[in-house]
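The values are calculated or read from the model by the stated rules, or taken from the named source; none is laboratory data. Source: prediction; values computed, not measured. Reconstructed Cβ throughout: ideal geometry from the backbone, glycine too, with neighbour counts over all protein chains shown. With ligands, DNA and RNA removed, areas are computed over all heavy atoms of the protein, side chains included. Shrake-Rupley method; radii C 1.70, N 1.55, O 1.52, S 1.80 Å.
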Amino acid sequence: MFRVQRVLIYGVTGSGKTTLARTLGAITGLPWHSADDEIGWLPSWRERPADEQRAVAQAIAEQPAWILDTAYGKWKDVIVAQAQLVVALDYPRHVSLRRLLRRTLARTVTRERVCNGNVESIRQVLSRDSIILWHFRSFDRKRSRIVEMLDDPEGPTVVRLTSPEQTRQWVADVERQGLPLVHEA
């Protein structure tokens, strides 16, 4: 038995995955990785080719310790195969959508650099590639994937958190007790 060293944060768009990954990294000392910055996006909002995304995800997954703030469908299998713990943020739509709208509006005003130096804009928010539209397109699929991971007896342990308050309590528990103990397969 030993403490978890490889953690995937998974959830719907706008649920707070990156914030939780950053917080867990600070608490545990484990290195955390931003999928959007390190794997998915290149400057000028160009998506990294899928084979390159898989290669970068594989390089992260092979490290002995990590926290990753999401897993894109193109390479989720690579990460889940190496994860010891999945923390699933399975909040109601109104919670994640409200967070996403607030975050997106703030970023368009402040011009905060995200996703490998890119900047969100009103034009982008209103486009067919909008992060808000993505929230609606992907919400049910991501929630279904959480249920699949929960039901997979061969997969990593899954902690399903259904509210921000439950997440705050779980983080407080990690601060007091550390990440859970697991058996290595």
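A few notes on this one:
- Only one of Asp51, Asp90, Asp36 that is of a type in the set (Asp, Glu), at pLDDT 95 or above and within 17 Å of the chain's Cα centre (by Cα): Asp90
- Just one of the numbered conditions (1) farther than 18 Å from Gly117 by Cα; (2) assigned to a helix (DSSP H, G or I); (3) not hydroxyl-bearing (Ser, Thr, Tyr) is not true of Ile39: (1).
- Taking the conditions (1) within 20 Å of Gly14 (Cβ to Cβ); (2) surrounded by 13 or more Cβ atoms within 10 Å (Cβ to Cβ) in turn, Ile122 satisfies each one other than (2).
- First in region 96-113 and open to solvent by 90 Å² or more (accessible area, probe 1.4 Å), second anywhere and of a type in the set (Val, Ile, Thr), Cβ under 7 Å, 6 or more apart: Arg111/Val119; Arg113/Val119
- If you filter region 1-28 down to residues that are of a type outside the set (A, V, I, L, M), open to solvent by less than 60 Å² (accessible area, probe 1.4 Å) and more than 21 Å from Phe136 (Cβ to Cβ), you find that the one that is farthest from the chain's Cα centre (by Cα) is Thr28.
- Taking the criterion of being in a loop (DSSP other than H, G, I, E, B), open to solvent by less than 50 Å² (accessible area, probe 1.4 Å) and farther than 28 Å from Pro164 by Cβ, the only residue of region 45-74 that qualifies is Arg48.
- Residues in region 132-185 that are open to solvent by less than 50 Å² (accessible area, probe 1.4 Å), aliphatic (A, V, I, L, M), assigned to a helix (DSSP H, G or I) and touching a Ser or Thr at 6+ places or on another chain (Cβ under 9 Å): 3 in all.
- Given (1) of a type in the set (A, V, I, L, M, F, W, C); (2) farther than 25 Å from Ser144 by Cβ; (3) open to solvent by 60 Å² or more (accessible area, probe 1.4 Å); (4) in contact with a strand residue (DSSP E or B) (Cβ under 9 Å, 6 or more places away or on another chain), number of the condition Leu42 does not satisfy: (3)
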